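Q: My structure is below; once you've seen it, I'll send some questions.
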Amino acid sequence: MTPYFEISLKPSIDYFLWLLPVLFLLVAFVRLPAITDLVLSTVKISRNWLLSIFGVIFFIALFSTYSELEQDLGVKSQIDAGEFSLVSGCIQNYRLDEVKGHTATFEVQEVEFSYNNYTRTPFFYEKELPGKVIKNGNCLEISYLTISKENKIIKIVQLTK
């Protein structure tokens, strides 16, 4: 059976590529005062404040990117080691709560799953085909990881009735 959804994680140093232009700007601001003078003419703050603010933003972005990479490496190692759970059965109690930002919740064999269909994530979030597979009565085999007391779906295989 072909999976309806399967997580695709390829953690690598590529996570940091978006920081290169930002790092280039930071170096340009430090080394080339003419560029900072151009920016300062529109912002009206001192050069030291501009460099400090830009540096703090860069290091916060660097830390958050590193945290994301570390989290994805952890998830990938759990999956590779087979440290995930599997449940098979038919969907029950499917509900969509639009008040909570389009959050969908459903159960399979008394295991509850919840996801927001607007938030892009490596885990299942059903943005492309809403309501096609995840609906009451459909039978699925779901592989999942429990992260922060939430069951995150890593693979869905649709079963025939």
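Q: Expressed as an acute angle from 0 to 90° and rounded to the nearest 10, what is the orientation of the C-alpha long axis of helix 47-80 relative to the principal long axis of the chain?
A: It is inclined by approximately 30 degrees.
Q: Let me ask something additional. Round to the nearest 0.05 the FRET efficiency obtained for residue 23 and residue 96 when R0 = 30 Å and r is the Cβ-Cβ distance.
A: Given R0 = 30 Å and the Cβ-Cβ separation, E is 0.10.
Q: Further, regarding this structure: Could you check the spin-label model distance between residue 110 and residue 79? Points 7 Å from the Cα along Cα→Cβ, value in nm.
A: Using points 7 Å along Cα→Cβ, the separation is 2.9 nm.
Q: Can you check what the net charge comes to around residue 69, using other residues whose Cβ is under 13 Å from the Cβ of residue 69 (Lys, Arg +1; Asp, Glu -1)?
A: That sum, taken over residues with Cβ under 13 Å, equals -2.
Q: Positive end of the dipole of region 33-161, charges at C-beta (+1 Lys, Arg; -1 Asp, Glu), about the Cα centre: which of 51, 77, 148 has its Cα farthest in that direction?
A: Farthest towards the positive pole: 51.
Q: Nearest 10 degrees, 0 to 90: what angle lies between the long axis of helix 33-43 and the longest principal axis of the chain (Cα atoms)?
A: Value to nearest ten degrees: 70.
Q: Can you sort 126, 6 by solvent-accessible area, 1.4 Å probe, largest first?
A: Largest accessible area first, the list is 6, 126.
Q: Follow-up. Report the charge-dipole magnitude of the chain in Debye, nearest 20, computed about the Cα centre from +1 at each Lys and Arg Cβ and -1 at each Asp and Glu Cβ.
A: 480
The values are calculated or read from the model by the stated rules, or taken from the named source; none is laboratory data. Note that the coordinates shown come from a computational prediction; the quantities given were computed from them, not determined experimentally. Heads up, the Cβs are rebuilt from the backbone with ideal geometry, glycines too, and the neighbour counts pull from every protein chain shown. These accessible areas exclude ligands, DNA and RNA; they are computed on the full protein's heavy atoms, side chains included. Shrake-Rupley method; radii C 1.70, N 1.55, O 1.52, S 1.80 Å.
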